[in-house]
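Input: a single structure, listed below in structure tokens.
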Amino acid sequence: MSTLAAFREWEAQNNIITIDPTENSLYDLPDSEAYRALQNAAPWKKDPNYFTSVRISALALLKMTTHARSGGSIEIMGLMIGYISGKSLVITDAFRLPVEGTETRVNAQADADEYMVNFGIAARDRGGQLENAVGWYHSHPGYGCWLSGIDVNTQMTHQMVNDPFVAVVIDPDRTVSAGKVEIGAFRTYTESQRPTNKQFTDDSDDFQAIPTGKIEDFGAHANSYYALEVQHYKSTLDSHLLGLLWNKYWTSTISQSPLFTNRGYSNKQIADHAVKIHEAAKRQKAGTTISRQQPELAGNGETNFKVVRDGSLEKVIRGGSKIAGEEAAGLLASDVKKQLFWGVVQEARSKTGQSQATAAGTSASVSNGG
């Protein structure tokens with residue numbers, strides 16, 4: 001696969017669209033007077049679901065994903081700059097924050113707050129970036145895109161002080177396994193705006209297998225936030241910058257295998273799935289025992305058994321299928337690379353053997369002649 005073809009495939013997988021090069025409208029800041037009037041009106045304070053989507057530039061997406069991947073199993077954090085356009089938050093760029101993270105949480109300290117202020121001033125005065133901070137991003141290595149209790153509190157604080165503001169979550173491990181960026185964008189509700197009838201569900205097509213240690217926190221704050229649609233875009237300048245970045249990293253992308261690069265994450269997934277299977281088996285056994293006792297007490301016999309859909313068991317099955325699919329995709333990719341490059345290796349070996357044979361023959365002729 002050529003460099004250009006691989007780059008085009010990456011763009012297609014992440015649904016990155018090119019803006020009309022004659023307009024590049026998303027890179028033109030809105031009229032200052034109209035923008036100030038919109039901020040003063042603040043319709044998002046009256047309608048908690050005012051914002052429906054986040055539009056992230058391809059360059060910002062790549063910078064955030066690279067940052068998240070560099071953290072490994074440690075959570076990272078950064079800030080996003082942009083502006084409001086209708087009911088969308090437009091992200092034009094992003095930068096890292098010097099924060100201390102763990103494998104389960106990340107918080108900005110006083111040093112990071114000072115860094116944010118200084119960076120914003122320097123970007124405006126020296127770099128000519130007039131956009132304001134409109135969101136923050138952090139990573140969830142290996143456990144999906146959602147907001148924990150700490151994330152909800154952080155986002156609520158930002159919305160009270162810097163609204164409009166959005167929280168973006170990236171899973172670098174699942175990004176490597178899936179081959180596309182695993183990303184989510186969220187905004188929180190205030191206490192008075194929080195819906196009471198919203199039920200958490202993960203029966204959608206965007207199923208996420210959550211590690212056992214995170215299940216309790218996952219969905220516990222479902223009434224505190226809502227997800228926004230994530231869209232990506234690029235301009236003609238982005239195309240040039242992305243091309244430079246792609247030329248720098250494409251060789252490692254082709255030479256590496258997700259089975260080896262992400263083997264730690266894969267091992268954790270399989271071990272965690274084994275625990276879930278064991279727990280599901282225990283629940284099934286306990287449920288079968290109770291079901292068998294009830295008909296006997298009622299005196300109705302075995303005919304009154306009722307088949308009940310077990311949602312927890314379905315989640316285990318879907319999680320196992322997802323792991324198997326990712327492993328199969330990794331094996332298939334390795335086989336394709338082997339078929340693609342094995343002929344080159346064989347040809348190189350053949351040429352080396354011929355050169356050595358020719359050199360040996362020449363040496364023998366010289367020796368015999370002498």
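The values are calculated or read from the model by the stated rules, or taken from the named source; none is laboratory data. What you see is a predicted model; the values in this text were computed from it and never measured. With ideal geometry, Cβ positions are generated from the backbone for all residues, glycine too; neighbour counts draw on all protein chains shown.
What pairs come out if I take residues in segment 158-171 that are surrounded by 20 or more Cβ atoms within 10 Å (Cβ to Cβ) and pair them with residues that are modelled with pLDDT under 90 and in a loop (DSSP other than H, G, I, E, B) whose C-beta lies under 6 Å away, six or more apart or interchain? Matching pairs, first to second residue: VAL169/HIS140; VAL169/CYS145; ASP171/HIS140; ASP171/GLY144; ASP171/CYS145; ASP171/GLU182. Within segment 36-74, the set of residues being of a type in the set (Gly, Ala, Ser) and without any contact (Cβ under 8 Å) to a residue 24 or more places away in the chain comprises ALA37, ALA41, SER70.
For ILE84, the stated conditions do not hold, so it cannot be described as assigned to a strand (DSSP E or B), touching a strand residue (DSSP E or B) at 6+ places or on another chain (Cβ under 9 Å) and at pLDDT below 80.
If you filter segment 141-169 down to residues that are within 19 Å of PHE51 (Cβ to Cβ) and of a type in the set (Val, Ile, Thr), you find that the one that is farthest from the chain's Cα centre (by Cα) is VAL161.
Hey, any hits in segment 194-205 for a residue that's more than 20 Å from HIS67 (Cβ to Cβ), loosely packed, with under 15 Cβ neighbours inside 10 Å, modelled with pLDDT of 70 or more and in the same structural domain as CYS145 (by the TED database)? Checked against the condition, which is being more than 20 Å from HIS67 (Cβ to Cβ), loosely packed, with under 15 Cβ neighbours inside 10 Å, modelled with pLDDT of 70 or more and in the same structural domain as CYS145 (by the TED database), segment 194-205 yields at least one hit.
Name the residues in segment 175-198 that are under 23 Å from LEU79 (Cβ atoms) and either under 22 Å from the mean Cα position of the chain (by Cα) or of a type in the set (Gly, Ala, Ser) (or both), would you?
THR175, VAL181, GLU182, ILE183, GLY184, ALA185, PHE186, ARG187, THR188 - these are the residues of segment 175-198 that are under 23 Å from LEU79 (Cβ atoms) and either under 22 Å from the mean Cα position of the chain (by Cα) or of a type in the set (Gly, Ala, Ser) (or both).
For segment 20-69: of the residues being β-branched (Val, Ile, Thr) and either assigned to a helix (DSSP H, G or I) or modelled with pLDDT of 90 or more (or both), which is surrounded by the most Cβ atoms within 10 Å (Cβ to Cβ)? Top of the filtered list is ILE56.
Filtered by the rule that a residue be aliphatic (A, V, I, L, M) and part of a strand (DSSP E or B), segment 129-160 gives ALA133, VAL134.
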